[in-house]
Every structure is written in C-alpha cells, then in structure tokens.
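These notes concern the structure reproduced below.
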Amino acid sequence: MNIQYDLLQFYVYKKLIKRKDVDDILKNSAELKTSARDYMLLKEYITDNVELEALATYYSMPFVEVDMLDIDEELFNKFTFTFLRKYKVIPVCITKNNTLIVVCGKPIDCNTRSALNVYHNGPIDYILTPPSQIDRYIDSVDAVISTSAALSDLNNEQDKKIFEDAGANLDVPTVGNEDVINNPAVRLVDSIIKEAIPYRASDIHIEPFDKKVKVRYRIDGDLQERAEFPIESYSPICARLKIMSGMNIAEHRIPQDGRINMIIGGKEYDFRVSSLPTVCGEKIVIRVLDKSSFNFTRADLGFTEAENAIIDKILQRPNGIILLTGPTGCGKSTTLYSFLKEINNPTVNIVTVEDPVEYTMTGINQTQVNPKANMTFATALRSILRQDPDVIMIGEIRDKETAEIAVRASITGHKVFSTLHTNDAPGAVTRLEDMGVEDYLVSNALTGVIAQRLVKRLCPACKKRSKTNAKEMELLGLNEPISIYRPQGCQFCNNTGYKGRTAIHEIMYMNEEMKSIVAKERNLDDLRKASAQNGMTLLYDSCKELVLKGVTSIQELMALSVE
C-alpha cells in the first residue's frame, strides 16, 4: 500500500490539488527525498491550514489550533525543545485517568510513539494541528526564556559595574572577540528580534527614557510592553542594532535608516530599522517583514464573494489605474502584491517601482527608489515606460509629476497599480485632481479604487455574547436589541480580547456612469453619494457586517465612525 499515493488521491477528492499534478508531486518529492505532503507545502500546492481538516478526516483524528489549547506549562517544561521540534509534538495535559493529550503536526509514526512512551507510562491521545503553529509556539517559549535570561544577565552586569565604580574589588573578566556572541547586550538584541516573530509583531519599538529603556511590540495594531532595562545599558544595545543594520554608529544627531536580514525558524525575514534622536537617546523602531511566507489569497485578505466579483471586473480591464487607499499600516501594499501575484504569468511583463521593495516576487521586475541618486518615482517611471511593460506598480503616488506620468501611462495601454493616502475611495478622485491632474484624465484613467482598513478579530476562545444598548443599536441601525460578541481577554490573546486582524473594503468601480460623474463632479460628498448609489459598500457598513457576524467588536466600529 502506497500511503503517499492514497493521500494524494484523497486530496484530489477534496479538490485541494488537481489529478494531473499527482504524478509530478510523487516524482519530484522522491527526487528531493521528502514526503509528498512536505513537497506540496514547499511548492504552495496547499497550505497547512487548508489541508488540516482533510488530513484529520483521512486519519480519523480530531484537529485543533494550538492557540485554542490550555497547555500545562509544568508538563511542557519536562520535554526538551529539541525533542518537540524533531517530532513536531506539544504535550497539552494529563487527564484524570492518566491519559496524556498531545497535539502533533503530522500523523504519529512508531518512532514518535516510542519516544513519547519514554516520557509517559500510560495511554496517549493525539490531536492534529498545523505544524507551523507547533514551531511558532515552541519558538515563542524559547524566545521568552532567552529574553528573560539576557535581561537578567544585563542587570547583573550593570550591578557589577555599579560596585566597581564604588570601589569594590570584583574580578570581572574582560570580553574578548570570542565572547561577543555571549555578551548580554548582543544576546538581548537577538532575543528581542526573534521573540517578535512568534508573537506576530509588525513593529518593535525600543524607546529610551530618563532612567529606563522600554521595549514594546505592535501586535494586531496595538503596542504591548514586553520588557524594560536600565538606561545605562542602552549604549551597547543601540550600537549593536546600528552595526547589524549598517548604520553609522558614530552618528547620534540625525535620523538613520538601515536593514537587517535574518533567517529565523527556517524563514527569511527582513527588518527595516529606523533611528530617531530624542532627548534621552536614540529611539529605534524595527519593521518586521516575512519575506518567505507571502501566500495571501483574496479570501485571506478579507474580500467577500461580492467584492471579489467587482475586483474580477477591475483586474480584467487591459489598462487603467487601480488605486489602493488608506492610512499607513492598513495593508495596502500586501493587497497590491496579492493582485500582482494573481496576474503574474510568463506572458506579462510586470515592473514595479517601490520605496522600499517589501517582498521580492519571482517573475516580477522590482525597482527601488534612491533619492540620493535622483532615482525618484517619476524618474523611475520614465525609464520603466521604455521597458515595454504590460503592468506597472508604483509604490505610492506622492506628487503631481508621478500622478501625471501614471495617468498618461494608463490611458496609453498600460495597467497601473498604486496607492494613495485618503480616507475613502471617492477621496482618491479629489486627491488626484488636487495634485493637478485634469478631471477628464482622472475619469478616463481610473479603473477602480479600493479603500482598506484593518480591524481586530475577536479572540475565538474568550469572546462572549451580550445585548446591545441604546447607543450600540443606533450605531448598528437597529430598532430592537440583539446579542453581539464582545472582547474579554484570556491567555490565548494575551488578555487583549483580540487575535489577529482582517481587512474591510470600500470598492468604487469606475463604470461608464461613474466616469461621467467624476468628469463633471468635484464635490467629495456628492461623489460619495453617487458611489453609494452605484453599488459601493461603505467601509462603515463592511465593518458593521463583521460586528453582526461576531468577527469583530462594536468598539472597532466606533473607532471607524470617528474617522
């Protein structure tokens, strides 16, 4: 019996892969000496989350996400990280009848069963979970331990220095080159960066104050304090970050930018580092970018079926400008990349000009602006137009010159993607006109505008229902109270009540009626009314729908309503 072949046939039955791909998967996985399942994950035939339910059905095993489990820390600490990573397992708890509950990232083989029996003399029950979640959980525990140890060593080193300065005769060895990796400052920087990954942090803030330095992570849009250490220890930490990111360590008076590339847990990450002089020292902010896991689909990005139908029409247009709008950090670039990935094929020449290039994509020619070399968006665009492009992506339209080149490129047969900072979709029209682009050019060039926001998802483990009050009924447009979900807070969501974020959208499709309105209408309020009458769902209404479905909270809707 060929278990791999049978499993692939089951995936075909579940419509996860196509029948014509089976032989290629078996052949290529054999050549690489890996399992068919691992090969499919590597080549993105499937994702571990998508296949989990099918795999559980195939093996008649229950499945769960790690975040939903109450893991016994004392039991977990009895196992080594090496063992857990090797066998892709996490011990959850021991029940009253002495049964060990274990979550596993792959069907259990005889070797794993034998190894677990060494740790537990009794029955063992297994539950499937995505292997990436097992790695993330182990990495998070490992990173927390490493950060705590580095902080402790840093404080001890500072205490020794205080005693030395007071005249105490302590034998403190000097640090040679061979000991750099074990230096507390070096280990702390390493731990702070690595700990951000399993916590899903988008940014790391390292902020010097009068007596302390605080470390905060931005998780799901909110800053959460992680650690603090004495200001006296900040100098070597700041220097370490500057060296890693290629900054000038002797310069403290002006802002600087740098980049760090690291491989963590087998994935490549890009860290964009920014320093800013403050009265207490240089504040460091690090943006976290996962370069190897850009597997987003429209469904992952929160697009509904109705919205996808409109986007299909927009993307099928051979030319015109497609704009993404919204504030900084709302996921505009991610959505643009997902569109480019969707239309990327050998018959299309796609060229981008970005500041900076956030994700590298195979088959797409990506250019980064360099103002010091006079490589601006406008100058890059002029050169790109001589590169026979079919599709052009501009990171952001910032000025009149860039806007005019983009518009003229779109009306001469090119498909152009770009972003703008506006509050809603109709606002993109007036912004282009304010930049000096003629209204008739805007109406001819625009294919569609997508406004986007990110709202926090309620934690599925602790969210609770309760009745709406009068103010909430007014916000939701209700005459009678209903039950909606509210945030509570638990260990799975770090007591925030939220776990992850999803996007809401406002899509203005430029059909002939809208083009006619844009060509003659300059009042923003009238444009909004016309867009709504033409079928555009407002951001507010999209968020309200998620509140009624229990995806997000009424607080997120309130925050949107005050914009």
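Of note:
- Filter result for residue 478 (of a type in the set (A, V, I, L, M), touching a Lys or Arg at 6+ places or on another chain (Cβ under 7 Å), open to solvent by 30 Å² or more (accessible area, probe 1.4 Å) and more than 30 Å from residue 379 (Cβ to Cβ)): no
- Of everything listed in (1) at pLDDT 90 or above; (2) open to solvent by 30 Å² or more (accessible area, probe 1.4 Å); (3) over 29 Å from residue 153 (Cα atoms), the single unmet condition for residue 304 is (1).
- Check on residue 554, surrounded by 18 or more Cβ atoms within 10 Å (Cβ to Cβ), over 17 Å from residue 307 (Cα atoms) and under 27 Å from the mean Cα position of the chain (by Cα): yes
Results for (1) farther than 25 Å from residue 261 by Cβ; (2) of a type outside the set (S, T, N, Q); (3) surrounded by fewer than 16 Cβ atoms within 10 Å (Cβ to Cβ), shown as yes or no for each residue.
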{"site": "334", "(1), (2), (3)": "no, no, no"}
{"site": "342", "(1), (2), (3)": "yes, yes, yes"}
{"site": "365", "(1), (2), (3)": "no, no, yes"}
{"site": "383", "(1), (2), (3)": "yes, no, yes"}
{"site": "393", "(1), (2), (3)": "no, yes, no"}
{"site": "402", "(1), (2), (3)": "yes, no, no"}
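- Residues considered: 308, 319. Of these, the only one that is touching a His at 6+ places or on another chain (Cβ under 8 Å) and under 29 Å from residue 349 (Cβ atoms) is 319.
- Residues that are touching a helix residue (DSSP H, G or I) at 6+ places or on another chain (Cβ under 7 Å) and closer than 25 Å to residue 329 by Cβ within segment 479-501 comprise 492, 499, listed in sequence order.
- A single member of 334, 352, 304 is among the polar types (S, T, N, Q), touching a Leu at 6+ places or on another chain (Cβ under 9 Å) and closer than 22 Å to residue 423 by Cα, and it is 334.
- Spans of helices (runs of 4 or more DSSP H) in segment 499-549 with at least 3 residues among the charged types (D, E, K, R) and at pLDDT 90 or above: 539-549
- Any hit, segment 219-235, residues being surrounded by fewer than 19 Cβ atoms within 10 Å (Cβ to Cβ), in contact with a helix residue (DSSP H, G or I) (Cβ under 8 Å, 6 or more places away or on another chain) and without any contact (Cβ under 8 Å) to a residue 60 or more places away in the chain: no
- If you go through segment 432-471 and keep only what is of a type in the set (D, E, K, R), more than 30 Å from residue 70 (Cβ to Cβ) and without any contact (Cβ under 8 Å) to a residue 40 or more places away in the chain, you end up with 434, 438, 471.
- Any hit, segment 493-503, residues being of a type outside the set (Phe, Trp, Tyr), under 30 Å from residue 441 (Cβ atoms) and either open to solvent by 50 Å² or more (accessible area, probe 1.4 Å) or in contact (Cβ under 8 Å) with a residue 12 or more places away in the chain (or both): yes
- Filter result for the condition that a residue is in contact with a helix residue (DSSP H, G or I) (Cβ under 8 Å, 6 or more places away or on another chain) and either assigned to a loop (DSSP other than H, G, I, E, B) or closer than 24 Å to residue 47 by Cβ (or both), over 271, 303: 303
- Pairs, first touching a residue at least 12 places away in the same chain (Cβ under 8 Å) and of a type in the set (Val, Ile, Thr) in segment 125-146, second open to solvent by less than 40 Å² (accessible area, probe 1.4 Å) and part of a helix (DSSP H, G or I), C-beta under 8 Å, six or more apart: 129/52; 129/66; 134/66; 134/84; 138/84; 141/76; 144/195
- Residue selected from segment 466-498 under the condition at pLDDT 90 or above and in contact with a Phe, Trp or Tyr (Cβ under 9 Å, 6 or more places away or on another chain), by the criterion nearest to residue 557 (Cα to Cα): 487
- Test: residue in segment 1-9 that is open to solvent by less than 30 Å² (accessible area, probe 1.4 Å) and of a type in the set (Val, Ile, Thr): no
The values are calculated or read from the model by the stated rules, or taken from the named source; none is laboratory data. The structure displayed is predicted, hence computed values, not measured ones. Positions of Cβ are generated from backbone atoms using ideal geometry, with glycine treated the same way; all protein chains shown enter the neighbour counts. These area figures cover heavy atoms from the full protein model, side chains too; ligands, DNA and RNA do not enter into them. Shrake-Rupley method; radii C 1.70, N 1.55, O 1.52, S 1.80 Å.
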